[in-house]
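J.: Handing you a structure now.
The values are calculated or read from the model by the stated rules, or taken from the named source; none is laboratory data. Quick caveat: nothing in here was measured; it's all calculated off a predicted structure. A quick note on method: Cβ atoms are made from the backbone with ideal geometry, for glycine too, and the neighbour counts reach across all protein chains shown. Calculation scope for accessible area: heavy atoms of the full protein, side chains included, ligands and nucleic acids excluded. Shrake-Rupley method; radii C 1.70, N 1.55, O 1.52, S 1.80 Å.
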Amino acid sequence: MNIKKTIVASLLVCMLPAAAMAKDLQVGVSMALFDDNFLTILRTAMQKEMTKDNVKGQVEDAKGDVSQQLQQVQNFIGQGVDAIIVNPVDTNAVKPIVDAAKKANIPLVFVNRKPAGELGDKMAYVGSDSELAGRLQMEALAKAMNGKGNVAILMGDLANESTRDRTKGVEAVAAKYPDIKVVQKQTAKFMRNDAVDVVSNWLTAGDDIQAIASNNDEMAIGALQALGKNPNHILIAGVDGTPDALQMLKNGKMVATVFQDAKGQGEGAVDAAVKLANGEKVDKVINIPYQLITKDNMAEFENKNLK
């Protein structure tokens, strides 16, 4: 009887550290910037998921600075976190982050922005296929344009993978229509105010534009602000499916947006980080599908991507 009690007690003692570890997991999160509508929704989703999973999360704002983001990751490593989640400032400049995490043997998960290069062991990317977003967006515009007219592309941050791939998707679809031509392509850095300036300059220059494909909703809304009461109706589509964009759809000011699932990406990133921290294997790439939103189906998305 005493032997049985000893065995049971020993088993309980062995189990305690694992349980304690599960409750006390610490995850460091470095966001490219806080001052972005979609990334705010993504950050909130991750914070809620960490709270639900009893994970202690430290979330930092890299403020669009590659060096600051690397310093944050190094600080997380110094603090002995169990896993790191990074929304990269520059998807082409992640090697120092990857090398630092690998050297420290700490799991690393990239979210929303796909890093350039191969990911090693204990690493994963959680996000969506940016080229598909551009294709869905441009197909909706082409339909609204009746297959003819001039398109301008509002590009995001040029250091970002999603900018390149969404633009590539738009151009690929436009190329299928003989009577559709891309006449302008300029960065507004994913920012609403920058888009106001870019589109205002196009209008001032007298560019003949029938549609604008924007790499995100913020720039699409900036384009609408620049157009104001412009008598020449220009069709506009965005990407993200933010609440502001849905309101524009409802008011008939935007043709479409493409739903990017912030909740799915945020929950997926935290889930991957927890699993990797606990020694489990996860897929290197965890894809969260895009979905086209138009006025016809927008009711399905009104309670999603909320801050």
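J.: Given 0.36 nm per residue, what is the gain on full extension from residue 300 to residue 65 after removing their alpha carbon distance, in nm?
T.: On the way: separation 235, 0.36 × 235 = 84.60 nm, distance 3.62 nm.
Gain on stretching residue 300 to residue 65: 81.0 nm.
J.: I've got another one for you. Give the residues of the stretch 263-283 whose amide nitrogen is closer than 12 Å to a point set 7 Å from the Cα of residue 52 in the direction of its Cβ.
T.: Residues 263-271 fall inside that zone.
J.: OK, next. Just to be sure I understand: with springs between alpha-carbon atoms less than 10 Å apart, which residue in 218, 60, 280 has the highest mean-square fluctuation in the Gaussian network model of the chain?
T.: Of the options given, 280 has the highest mean-square fluctuation.
J.: On to the next question. For the chain, modelled as a GNM with alpha-carbon contacts under 10 angstrom, which of 163, 204, 257 fluctuates the most?
T.: 204
J.: Straight-line reach only, C-alpha to C-alpha below 14 angstrom: list the aspartates and glutamates that residue 102 could link to, leaving out same-chain residues fewer than 8 apart.
T.: 82, 118, 121
J.: How big, in percent, is the set of alpha carbon pairs in the stretch 166-268 lying more than 22 Å apart?
T.: Values: 1572 of 5253 pairs.
For the stretch 166-268, the fraction of Cα-Cα distances above 22 Å is 30 percent.
J.: Would you mind classifying the stretch 181-231 by shape? Square roots of the alpha carbon gyration tensor eigenvalues, ordered a ≥ b ≥ c; an a/c under 1.5 is rounded, otherwise it is prolate if a/b is larger than b/c and oblate if not. Display every interim value, and only then the final one.
T.: Values: a/c = 1.58, a/b = 1.21, b/c = 1.30.
It is oblate, given that a/c is not under 1.5 and a/b is not larger than b/c.
J.: So what's the net charge close to residue 183: Lys and Arg +1, Asp and Glu -1, counting the other residues with Cβ under 15 Å from its Cβ? Please list the in-between numbers first.
T.: Working: positive: 148, 181, 185; negative: 171, 179, 207, 208.
In short, -1.
J.: On to the next question. To the nearest 20 Debye, how big is the dipole of the chain about its Cα centre, given +1 on the beta carbon of each Lys and Arg and -1 on that of each Asp and Glu?
T.: Value, rounded to 20: 560 debye.
J.: Under a point-charge model restricted to the Cβ atoms of Lys and Arg (+1) and Asp and Glu (-1), what is the dipole moment magnitude of the stretch 205-307 relative to its Cα centre, in debye to the nearest 20?
T.: Numbers: 10 positive and 14 negative charges, 26 e Å.
For the stretch 205-307, the charge dipole is close to 120 debye.
J.: Which residue, 235, 44, 67, has the largest displacement toward the positive end of the dipole of the chain when charges sit on each Cβ (Lys, Arg +1; Asp, Glu -1)?
T.: Toward the positive end, the furthest listed residue is 44.
J.: Between 289, 88, 178, which gets the highest mean-square fluctuation from a Gaussian network model of the chain, Cα cutoff 10 Å?
T.: Checking each option, the largest mean-square fluctuation is seen for 178.
J.: Further, regarding this structure: What does the helix-only formula give at 222 nm for the chain: each DSSP H stretch with n ≥ 4 adding -39500 (n - 2.57), the total divided by the residues, and the result rounded to the nearest 500 deg cm²/dmol?
T.: Working: 10 runs with 139 residues, N = 307.
Dividing the helical sum by the residues of the chain leaves -14500 deg cm²/dmol.
J.: I would also like to ask the following. For the pairs 103/307; 52/284; 48/185, flag any whose C-alpha to C-alpha distance is greater than 31 Å.
T.: Numbers: 103/307 35 Å; 52/284 24 Å; 48/185 37 Å.
In this structure, 103/307; 48/185 exceed 31 Å between Cα atoms.
J.: Among the lysines, select those whose C-alpha is under 16 Å from the C-alpha of residue 63, and discard any that sit fewer than 8 residues away in the same chain.
T.: Leaving aside lysines fewer than 8 places away in the same chain, those within reach of residue 63 are 189.
J.: If you take the beta carbon distance between residue 193 and residue 24 as r and set R0 to 45 Å, what does 1/(1 + (r/R0)^6) give as a FRET efficiency, to the nearest 0.05?
T.: On the way: r = 42 Å, r/R0 = 0.94.
For R0 = 45 Å, the calculated efficiency reads 0.60.
J.: Another question about this same structure. Under 17 Å Cα-Cα from residue 148, which lysines qualify once same-chain neighbours fewer than 8 residues away are excluded?
T.: The qualifying lysines are 176, 181.
J.: Once the whole set of protein chains is in place, how much accessible area is left on residue 274, using a 1.4 Å probe, in Å² to the nearest 10?
T.: My reading of the accessible area for residue 274 is about 30 Å².
J.: Which listed residue (153, 127, 94) has the Cα farthest towards the positive end of the charge dipole for the stretch 76-173, taking +1 on Lys and Arg C-beta and -1 on Asp and Glu C-beta about the Cα centre?
T.: 153
J.: How much of the accessible area of the stretch 166-307, in percent, comes from carbon and sulfur atoms when a 1.4 Å probe is used? Kindly include the intermediate steps, with their values, before the conclusion.
T.: On the way: 3130 of 6770 Å².
Taking all protein chains in place, the stretch 166-307 shows 46 percent carbon and sulfur surface.
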